[in-house]
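Here's the structure, in structure tokens; my notes come after.
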Amino acid sequence: MFFIVLAFFGVVVSVDALMAMLANTSWTGLVAENTYVASQEFNKNAEEGRAQAALGWKSRLTIAGGEVRYSLADAAGRPIALHGVKVLFRHPAYEAEDRSITLALASGQEYVARHTPRNGVWIIEVDADADLAKPYREVRRVIISNGALQ
């Protein structure tokens, strides 16, 4: 009976140790460094988003053939001159996959960089410097399949 009880608790402790190790090496669950500060900035961020939406600008993001392309046009469809574009690919549940890239001017007002994200769901954050007080910011949740935006 002693060995049966010992084996039972040995299995329980081993499984607990394994689960603790796996939990410690995977996603932390951290969404904001300081949730109080994030909550205080919410209304300001929402107002900035509404002001940006009121501009009526339309963006074009394409991911295909190992390239990420981005362009921005005003409400009339005219290209907007940008001074730089940064794109952050964030994996929703695993920070180790996150990747930030800087796009370079390719032709006209289209910016491009070589990057092939892995297949799956991504959160893409685009910051485009467009002569505004703050960069034009866009956040999209997308699906990448076979190296292309779906």
I'd like the distance separating the alpha-carbon centroids of region 38-61 and region 94-150, in whole Å. 18
Region 1-90: GluC sites (Glu not before Pro) in DSSP loop, at most 10 other beta carbons within 10 Å: Glu33
Expressed as a percent, the accessible surface of the chain that is carbon or sulfur, using a 1.4 Å probe and the full set of protein chains, is 60
Column: log10 I(q)/I(0), Debye, Cα scatterers of region 1-90, q = 0.13, 0.23 Å⁻¹: -0.78, -1.15
So if R0 is 35 Å, what FRET efficiency would Ala53 and Ser26 give, r being the distance between their Cβ atoms, rounded to the nearest 0.05? 0.45
HN-Hα J in Hz across region 61-73 - Karplus 6.51, -1.76, 1.60, θ = phi - 60°, x for Gly and Pro: 10, 10, 10, 6, x, x, 10, 10, 10, 9, 9, 9, 10
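Accessible area per residue, 1.4 Å probe, Å², for the chain: what's the number?
68
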For region 39-150, what class follows from the C-alpha gyration tensor (a ≥ b ≥ c being the square roots of its eigenvalues): rounded when a/c is under 1.5, otherwise prolate if a/b is larger than b/c, else oblate? oblate
Tell me the label-point distance for the pair Tyr36, Val142, using the 7 Å Cα-to-Cβ offset, in nm and rounded to one decimal. 3.8
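The values are calculated or read from the model by the stated rules, or taken from the named source; none is laboratory data. Remember, predicted model here, so these are calculated numbers, not experimental data. Because the Cβ atoms are built from the backbone with ideal geometry, glycine has one as well, and the counts that use them run over all protein chains shown. Note: areas computed on protein heavy atoms with side chains; ligands, DNA, RNA excluded. Shrake-Rupley method; radii C 1.70, N 1.55, O 1.52, S 1.80 Å.
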